[in-house]
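*Asks:* Could you have a look at this structure, given as structure tokens, before my questions?
The values are calculated or read from the model by the stated rules, or taken from the named source; none is laboratory data. What you are looking at is a predicted structure, and each value in this text was computed from that prediction instead of being measured. All Cβ positions, glycine included, derive from the backbone under ideal geometry; neighbour counts span all protein chains shown. Keep in mind that these areas ignore ligands, DNA and RNA; they rest on the heavy atoms of the full protein, side chains included. Shrake-Rupley method; radii C 1.70, N 1.55, O 1.52, S 1.80 Å.
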Amino acid sequence: MISPEILRRFPFFGAFTDSQIKSLAMISELTDIEKGATLFHEGQPADYLFILMTGAPDIVHSVQEERRPENCKEYPVGEVNPGEPTGFSALIEPYTYTATVRASDNSNIIRIDAGKLREMCLNDLDLAYNVLSQVNKSLMERLNWVRIQLAAAWS
């Protein structure tokens, strides 16, 4: 459990009521991630939604070579900035992470228990709406960033 005041610092929680923030704080914890450590791996069950407090972890996608399945290459596809959520797959079936996130320097994160969050959303539709609205907003921002990167790569 963390202090609700910690969650209130982040725009992601701006539309949440005091009661919702208190409930989220009860299923959240602060975690330190050392430089080079992996927050989660692509293909792993998505058990947590994360909010980055400090640091700038890299998002990488793994691709196996068709001719050599034992060879796997990682490609950087983005980074997470302070205040941003990551691990959205924890809220979207089949609840499996679709990328790997690795700390490029020492980082602090808020880790929210996704199973408990999903359960809370089933019982509080206003909370579900707020969570999904913020996740959708974050995903659209990330999609726009990817479009810019693709446009730059093609030009």
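*Asks:* Show Arg142, Arg67 ordered by accessible area, largest first, where the area counts protein heavy atoms only and the probe is 1.4 Å.
*Replies:* Greatest to least solvent exposure: Arg67, Arg142.
*Asks:* Here is a follow-up. Counting Lys and Arg as +1 and Asp and Glu as -1, each charge on the Cβ, what is the dipole of the stretch 4-91 about the Cα centre in debye, to the nearest 20? Write down the numbers at each step before the final one.
*Replies:* Numbers: 7 positive and 14 negative charges, 39 e Å.
Its charge dipole is roughly 180 debye.
*Asks:* Nearest 10 degrees, 0 to 90: what angle lies between the long axis of helix 114-123 and the longest principal axis of the chain (Cα atoms)?
*Replies:* Between helix and principal axis, roughly 50 degrees.
*Asks:* Excluding same-chain pairs closer than 8 in sequence, count the lysine pairs in the chain whose Cα atoms lie under 29 Å apart.
*Replies:* Going through the chain pair by pair, I get 6.
*Asks:* At 7 Å along the Cα-to-beta-carbon direction for both Glu141 and Ser3, put a label point, then send me their distance in nm to one decimal.
*Replies:* About 2.4 nm, to one decimal.
*Asks:* Now for a different question. Would you mind telling me the share, in percent, of accessible area of the stretch 1-133 contributed by carbon and sulfur at probe 1.4 angstrom?
*Replies:* Solvent-exposed carbon and sulfur of the stretch 1-133 make up 50 percent of the total.
*Asks:* Just reorder Ile27, Ile110 by solvent-accessible area, largest first, 1.4 Å probe, all chains present.
*Replies:* Per-residue accessible area, sorted high to low, gives Ile27, Ile110.
*Asks:* May I pose another question? Can you tell me the dipole magnitude for the chain around its Cα centre, using point charges on the Cβ only (Lys, Arg +1; Asp, Glu -1), in Debye to the nearest 20?
*Replies:* Magnitude of the dipole: close to 260 debye.
*Asks:* Okay, moving on. Using a basic spin-label model with each label point 7 Å from the Cα along Cα→Cβ, how many nm lie between Ser19 and Gln44?
*Replies:* Inter-label distance under the simple model: 3.5 nm.
*Asks:* How high is the FRET efficiency between Leu122 and Glu66 when r is their beta carbon distance and R₀ equals 41 Å, given to the nearest 0.05?
*Replies:* Here the calculated transfer efficiency is 0.50.
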